[in-house]
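Shown next, in structure tokens, is the structure this report addresses.
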Amino acid sequence: QQQVKQSPQSLIVQKGGISIINCAYENTAFDYFPWYQQFPGKGPALLIAIRPDVSEKKEGRFTISFNKSAKQFSLHIMDSQPGDSATYFCAASIKTSYDKVIFGPGTSLSVIP
Amino acid sequence: NAGVTQTPKFQVLKTGQSMTLQCAQDMNHEYMSWYRQDPGMGLRLIHYSVGAGITDQGEVPNGYNVSRSTTEDFPLRLLSAAPSQTSVYFCASSDLRGYTFGSGTRLTVV
């Protein structure tokens, strides 16, 4: 019940296309869903996050869509660029208990020219 | 502001050797944690701490020790290195907004 599932494992998108990464969770106590971006040789960095009281959050070209009833959320990268090539991790946590976030297994995104 | 600083960046150990991976944060976060990252395995929690003097085990604690004597520092000790501990290790500190990760230590045990 603590697991966060993430798909696809890897993704290749053409420059200018839309990248979509999907995640699903089981524990209905989760109330905070961040996404992390990791470039090769670097640590993961917080990219964008959403709470389940909203269905969508947009920051620039990055959008999180959230479906509370289905217990699913997704990251959309619009107008994908080669500089977006990285590994993306979704995560879930209980915001008032900031420890022990559960990470998804990661998606390796390659944006080709 | 430095955020989370990890040292060393690279290390090669022989089987059976011990070493300490250092981690320091300057954000006054109470929560700190250590993860290992292996290909296809994502991030796995080794140990974590919710404040000075308090530590607990994560998903994969065997072969590792931690201590938290100050808010700023959270070192990870490998007691007797094994080839299975070859990995990239990340330290992180957290507030309610999310985690800040260090740049990692790439450890090879031969």
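Only the coordinates and a few stated rules stand behind these numbers; no lab work does. Treat the numbers as computed from the prediction; the structure is a model and nothing was measured. Here Cβ is always computed from backbone atoms with ideal geometry, including for glycine, and neighbour counts include all displayed protein chains.
Peptide B:40-52 shows a mean partner chain C-beta count of 3 within 10 Å per residue C-beta. Specify whether the C-alpha gyration tensor of the stretch B:25-68 places it in the rounded, prolate or oblate class, a ≥ b ≥ c being the square roots of the eigenvalues: rounded for a/c under 1.5, otherwise prolate if a/b is larger than b/c and oblate if not. Because a/c hits 1.5 or more and a/b fails to exceed b/c, the stretch B:25-68 counts as oblate.
Among B:Gln17, B:Gln57, B:Gln37, the largest mean-square fluctuation in a Gaussian network model of chain B (Cα springs under 10 Å) belongs to B:Gln17. Legend: mean number of C-beta atoms from other chains within 10 angstrom of residue C-beta atoms, peptide B:103-109, equals 1. Mean per-residue shielding of peptide A:41-51 is 5, counting Cβ atoms of other chains within 10 Å of each Cβ. Please work out whether chain A counts as rounded, prolate or oblate from its C-alpha gyration tensor, where a ≥ b ≥ c are the square roots of the eigenvalues and a/c under 1.5 means rounded, while otherwise a/b larger than b/c means prolate and anything else oblate? Prolate, because a/c is 1.5 or more and a/b exceeds b/c. Above 13 Å lies some portion of the pair distances; for the stretch A:27-68, what is it as a whole percent of all C-alpha pairs? Beyond 13 Å sits 57 percent of the P(r) for the stretch A:27-68.
Kirkwood analysis of chain B, using all unique Cα-Cα pairs, places the hydrodynamic radius at 13.8 Å. Ordered by the number of other Cβ atoms lying within 10 Å of each residue's own Cβ, fewest first, A:Ser69, A:Ser7, B:Ser49 fall into the sequence A:Ser69, A:Ser7, B:Ser49.
Highest mobility in the GNM of chain B, judged by mean-square fluctuation with C-alpha springs under 10 Å and restricted to B:Pro39, B:Pro75, B:Pro83, is found for B:Pro39. In angstrom, the C-alpha Rg and Dmax of the stretch B:43-105 are 11.9, 36. Per the Debye formula on identical point scatterers at the alpha carbon atoms of the protein assembly as shown, with no solvent, log10 I(q)/I(0) at q = 0.11 Å⁻¹ is -0.55. Taking label positions 7 Å along the Cα-Cβ direction at both B:Ser69 and B:Phe10, the computed distance is 3.1 nm, reported to one decimal.
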